[in-house]
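> Structure below; questions to follow.
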Amino acid sequence: MNRLITCRFVAAVQRLDDEEVTLRLFHEVEREDLPLFRERIRKRCSLPRSCFDHLIRTGVLVLEDPNMDGYRPQNAPCVVGFDILTLGRRVSFDLCFHSKLDAFWQESTTRLEALMLDEDVFESYTYRLQAISRYLYLGRQDNVFRAIAVDENHEIEFKQDFLNSKEKILKSVVAFANTNNGNLYLGVANDKKIVGIGHEIARYGNEDKYLLAIASLLHNRIYPLLTPFPEMRVLTVAGKKVVHIWVPVGNTMHAVLESIGNGQQRRRVAVKQNNQSVWVDDPYDLAELYIKRRIGTHAAANLGLL
């Protein structure tokens, strides 16, 4: 990739007052030996005046019309954060704003969602904005077509349905919770054809009852309770219903509860390995996984536990 010279957002202001700015948003990148690259980011969006002015003051945002009558950036407090969705040569993230750092992620309500920039451009903005970052939604993929294009990997799995796939769903959810954030889609066949789960929803009566049945399965058969609990929603794709289950990685080791008769249960741990969900039944492997999750690989190695 050619060396980055400079990058900036460009605002074509449509309306500006003391509280809010409405604009068309563009992005420009200059690279060595290449012509200026310009793309439209938003046909129309709004930002609080304080956020807009902060971007102007840092030089990250410039005006399409630098001589816009009567505009002077105000000096109001503003903190910028990147809610990172995917990493790689291209970084996908939400650009978030708030007036103070305390409780930023809990209280931030202003954001530009699903921006995607080259890695070096993203790094440039990180330094220039002194932005804070979080990875809570790293790997989240809400678009089933993009998920199918990526195919099954350590962050994406597909199941054809719910009613006939309960044990596989439990295994996949626990594997994601024990390893990394993950996306599980119901209504996509092994050949990646979207078959939908509309017939199953009809059997339960409505979408809410269907999602409640899935949540009840996870609640009753996974120990300890998943925290944070997976997010589930029904999507309409090409006229068919599919379910997207977003599973955040947990803070402890989770297991599937399996009945072994006589009212007894056993716990089975699953993890993601080589893009598959696999059971971990060996006691030594389980102990190693538990130690890594509780105190970290580096600390465990220093203590001679690994």
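> Could you check the spin-label model distance between MET68 and LEU163? Points 7 Å from the Cα along Cα→Cβ, value in nm.
In this crude spin-label approximation the distance works out to 5.7 nm.
> Mind listing the phi-derived Karplus ³J(HN,Hα) values for segment 170-177, rounded to whole Hz, using 6.51, -1.76 and 1.60 with θ = phi - 60°, and x for any glycine or proline?
Each residue's phi maps through the Karplus curve to give 4, 4, 5, 4, 5, 4, 5, 4 Hz.
> Here's a follow-up. ³J(HN,Hα) across segment 150-165 via Karplus (A = 6.51, B = -1.76, C = 1.60, θ = phi - 60°), whole Hz, x for Gly/Pro?
With the stated coefficients, segment 150-165 comes to 6, 6, 5, 8, 6, 10, 9, 9, 10, 10, 6, 7, 9, 4, 9, 10 Hz.
> Where in segment 84-156 are there chymotrypsin sites (Phe, Trp or Tyr not before Pro) that are in a DSSP coil and have at most 14 other Cβ atoms within 10 angstrom of their Cβ?
Counting only loop positions with at most 14 other Cβ atoms within 10 Å, the chymotrypsin sites (Phe, Trp or Tyr not before Pro) in segment 84-156 are TYR135.
> Roughly what % of DSSP beta bridges within the chain run antiparallel, to the nearest 5? Can you show the working numbers first?
Values: 59 of 69 bridges.
Beta bridges within the chain, antiparallel portion: roughly 85 percent.
> Subtracting the Cα-Cα distance from 0.36 nm times the residue separation, let me have the gained length for ILE132 to LEU217 in nm, one decimal.
Result: 26.9 nm gained on full extension.
> Please report the relative contact order for the chain, taking Cα pairs under 8 Å with a sequence separation of at least 6, and give it as a percent rounded to a whole number.
That works out to 11 percent.
> Okay, next question. Which residues' amide hydrogens lie under 5 Å from the amide hydrogen of ARG8, considering only partners 5 or more residues apart or on another chain, with H built in the peptide plane?
GLU28
> Which label belongs to the value computed from this structure, given these candidates for mean projected area of the Cα convex hull in nm²: (1) 16.5; (2) 14.6; (3) 21.4?
Step by step, mean projected area of the Cα convex hull in nm² for this structure corresponds to label (3).
> What FRET efficiency comes out for GLU123 versus GLN265 if R0 is 41 angstrom and r is the Cβ-Cβ distance? Round to the nearest 0.05. Write out the running numbers ahead of the final one.
Working: r = 49 Å, r/R0 = 1.19.
The value I calculate is 0.25.
> What shape does segment 4-134 take by its C-alpha gyration tensor, where a ≥ b ≥ c are the square roots of the eigenvalues and a/c under 1.5 counts as rounded, a/b above b/c as prolate, and the rest as oblate? Each step should come with its number before you reach the end.
Values: a/c = 1.74, a/b = 1.08, b/c = 1.61.
Oblate, because a/c is 1.5 or more while a/b does not exceed b/c.
> Please list, in chain and number order, the residues 5+ apart from SER133 or on another chain whose amide H is under 5 Å from its amide H, with Hs placed from the backbone.
Under 5 Å from the amide H of SER133 lie the amide H atoms of PHE82, each far enough along the sequence or on another chain.
> Long-range amide H contacts for GLU20: which residues qualify at under 5 Å (H placed 1.01 Å from N, peptide plane, sequence gap of 5 or more or a different chain)?
For GLU20, whose amide H was placed from the backbone, the distant partners under 5 Å are ARG49.
> As a quick test, which of the pairs LYS43/LYS100; LYS171/LYS209; LYS159/LYS192 have an alpha carbon distance above 19 angstrom in this structure?
As for pairs spanning more than 19 Å Cα to Cα, those are LYS43/LYS100; LYS171/LYS209.
> Give the calculated FRET efficiency between TYR204 and LEU87 to the nearest 0.05, with a Förster radius of 45 Å applied to their Cβ-Cβ distance.
Working from the Cβ atoms, E equals 0.75.
We did not get these values from a lab; they are worked out from the coordinates using the rules stated. Given the structure is predicted, the values throughout are model-derived calculations rather than measurements. A quick note on method: Cβ atoms are made from the backbone with ideal geometry, for glycine too, and the neighbour counts reach across all protein chains shown.
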